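Have a look at the structure below, then the notes.
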């Protein structure tokens, strides 16, 4: 497959003069350029996660109510992320500004992305347009890390809203599934978190 990215000549020269191919180091990540095609592929997978999860939540809320819909986030959301991860051989998931599932705790780079998203949203930028990416070296290989903002939708307040907006049955379900839940007190239009992807950029 044709390489989509080029490494500067100095790295190639270093490889030749050493007599072997060298593994890139962390400070060489900025030598890689992320193509428009790669970004488009990454955005498409992020959209698949958002669309599939949103569709399941709407269906469950309509047919079975919010208490049962908690299981979509508890069971179905990780399943969708896992399926997309395996299909693409990437790491696909979600992180939150306040987490319900400890598996969704953001790392340092993701926290910085969330902070930037919140600042931009406060200035009027739309969540649909908020994304960020960078290249990082992982085990000597260049990887694209990507984050796409998630805004809280009106339908989500029955699980993530103020105390008076969350039905008693939902509170009981959340206490059962997430005894250390912090993902509440949100308002519609507030930054909820981000879809995050880590994927290779070279074959």
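The values are calculated or read from the model by the stated rules, or taken from the named source; none is laboratory data. The structure displayed is predicted, hence computed values, not measured ones. Using ideal geometry, Cβ is built from the backbone for each residue, glycine included, and neighbour counts are taken over all protein chains shown.
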Out of curiosity, is residue 188 part of a loop (DSSP other than H, G, I, E, B) and loosely packed, with under 13 Cβ neighbours inside 10 Å? no
Can you tell me which residues in the stretch 125-144 are closer than 25 Å to residue 183 by Cβ and exposed (fewer than 14 other Cβ atoms within 10 Å of the Cβ)? 125, 126, 128, 129
What residue, of 199, 173, 182, is surrounded by 18 or more Cβ atoms within 10 Å (Cβ to Cβ), within 23 Å of residue 81 (Cβ to Cβ) and more than 18 Å from the chain's Cα centre (by Cα)? 173
Looking only at the stretch 48-67, filter to residues that are surrounded by fewer than 17 Cβ atoms within 10 Å (Cβ to Cβ) and free of Cβ contacts under 8 Å to residues at least 40 places away in the same chain; which one of those is farthest from residue 173 (Cα to Cα)? 51
Going through (1) without any contact (Cβ under 8 Å) to a residue 40 or more places away in the chain; (2) in contact with a helix residue (DSSP H, G or I) (Cβ under 7 Å, 6 or more places away or on another chain); (3) closer than 16 Å to residue 46 by Cβ one by one, residue 146 fails only at (1)
Just to be sure before I move on: is residue 164 more than 20 Å from the chain's Cα centre (by Cα), modelled with pLDDT of 95 or more, farther than 27 Å from residue 36 by Cβ and not in a loop (DSSP other than H, G, I, E, B) in the structure I sent? yes
Of the criteria (1) over 16 Å from residue 42 (Cβ atoms); (2) surrounded by fewer than 17 Cβ atoms within 10 Å (Cβ to Cβ); (3) in contact (Cβ under 8 Å) with a residue 24 or more places away in the chain, which one residue 96 fails: (2)
By residue number, the members of the stretch 68-89 that are within 13 Å of the chain's Cα centre (by Cα) and surrounded by fewer than 17 Cβ atoms within 10 Å (Cβ to Cβ) are 78, 82
Which numbered condition residue 148 fails, given (1) touching a strand residue (DSSP E or B) at 6+ places or on another chain (Cβ under 7 Å); (2) surrounded by fewer than 17 Cβ atoms within 10 Å (Cβ to Cβ): (2)
Failed condition for residue 160, given (1) surrounded by fewer than 21 Cβ atoms within 10 Å (Cβ to Cβ); (2) over 30 Å from residue 29 (Cβ atoms): (1)
